[in-house]
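Reading through the structure tokens given below for one structure.
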Amino acid sequence: MRVGITGHRGLSAEVELLVREQLMHVVSGYDPTKLVAVSCIADGPDAWFAEAALGAGGRLDVVVPAAEYRAGLPAWHHATYDELLSRAADVHQTGLTASDSAAHMAGSEALVGLVDELLAVWDGRPARGYGGTADVVAYARRTGVPVRVLWPKGATRD
């Protein structure tokens, strides 16, 4: 089962803990020998899902939206990004250079095209910019990829 991830970045420590618990619960429902997590491994749910899947014995495939993608992530996340990238069984590139919203959406579209199901750590609100979680969910639904929304009850992004 190939499962992708999309989700809000910049969540509070309290919401992070709840989301990590939800992701661990979801991962435990898959046969780890057949689970392939597909992620862009950004800070937040992308990395948390990758870590949960690898920790359960699943495989990780990474989508790199742009050649400059890593540089656009927070410096504190680079070590985690590098570690997860080094553990990837397969890496997919979009061929784009600039790490902008168009590249992020192209990466998400590539990710959706690789998966049987998409997990969305999403509060159900519109995207704050092109290529945000809501846009990825809408794209997955348009293309027929099942979406499972995860969002802790009562949680907020701000």
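The values are calculated or read from the model by the stated rules, or taken from the named source; none is laboratory data. Keep in mind it's a predicted model, so treat the numbers as computed, not measured. A quick note on method: Cβ atoms are made from the backbone with ideal geometry, for glycine too, and the neighbour counts reach across all protein chains shown. Heavy atoms of the whole protein, side chains included, go into the accessibility calculation; ligands, DNA and RNA do not. Shrake-Rupley method; radii C 1.70, N 1.55, O 1.52, S 1.80 Å.
Can you find a residue that is modelled with pLDDT of 95 or more, at negative phi and open to solvent by 40 Å² or more (accessible area, probe 1.4 Å) anywhere in region 39-48? There is no residue in region 39-48 that is modelled with pLDDT of 95 or more, at negative phi and open to solvent by 40 Å² or more (accessible area, probe 1.4 Å).
Summed over region 109-158, residues that are touching a helix residue (DSSP H, G or I) at 6+ places or on another chain (Cβ under 7 Å), aromatic (Phe, Trp, Tyr) and closer than 21 Å to Gly10 by Cβ total 2. Could you say whether any residue in region 125-139 is at negative phi, out of contact with any Asp or Glu (no Cβ under 9 Å at 6 or more places or on another chain), in contact (Cβ under 8 Å) with a residue 60 or more places away in the chain and in a helix (DSSP H, G or I)? Yes, because at least one residue in region 125-139 is at negative phi, out of contact with any Asp or Glu (no Cβ under 9 Å at 6 or more places or on another chain), in contact (Cβ under 8 Å) with a residue 60 or more places away in the chain and in a helix (DSSP H, G or I).
Every residue, every condition in (1) open to solvent by less than 60 Å² (accessible area, probe 1.4 Å); (2) under 18 Å from Thr94 (Cβ atoms); (3) more than 13 Å from the chain's Cα centre (by Cα), yes or no:
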| position | (1), (2), (3) |
| --- | --- |
| Gly113 | no, yes, yes |
| Thr143 | no, yes, yes |
| Ala155 | yes, no, yes |
| Asp158 | no, no, yes |
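Just give me the residues in region 11-32 being of a type in the set (A, V, I, L, M) and either farther than 20 Å from Arg157 by Cβ or open to solvent by less than 50 Å² (accessible area, probe 1.4 Å) (or both), in sequence order. Listed by number, the residues that qualify are Leu11, Val15, Val19, Leu23, Met24, Val26, Val27. The residue that is nearest to Val38 (Cα to Cα), counting only those in region 73-101 that are aliphatic (A, V, I, L, M) and open to solvent by less than 40 Å² (accessible area, probe 1.4 Å), is Ala88.
Pairs meeting the criteria (first residue in region 17-41 and among the hydroxyl-bearing types (Ser, Thr, Tyr), second residue modelled with pLDDT of 95 or more and exposed (fewer than 15 other Cβ atoms within 10 Å of the Cβ), beta carbons under 8 Å, at least 6 apart or on different chains) are Tyr30/Met1; Thr33/Gly57.
In summary, Gly129 fulfils each of the numbered conditions (1) surrounded by fewer than 14 Cβ atoms within 10 Å (Cβ to Cβ); (2) modelled with pLDDT of 95 or more with the single exception of condition (2).
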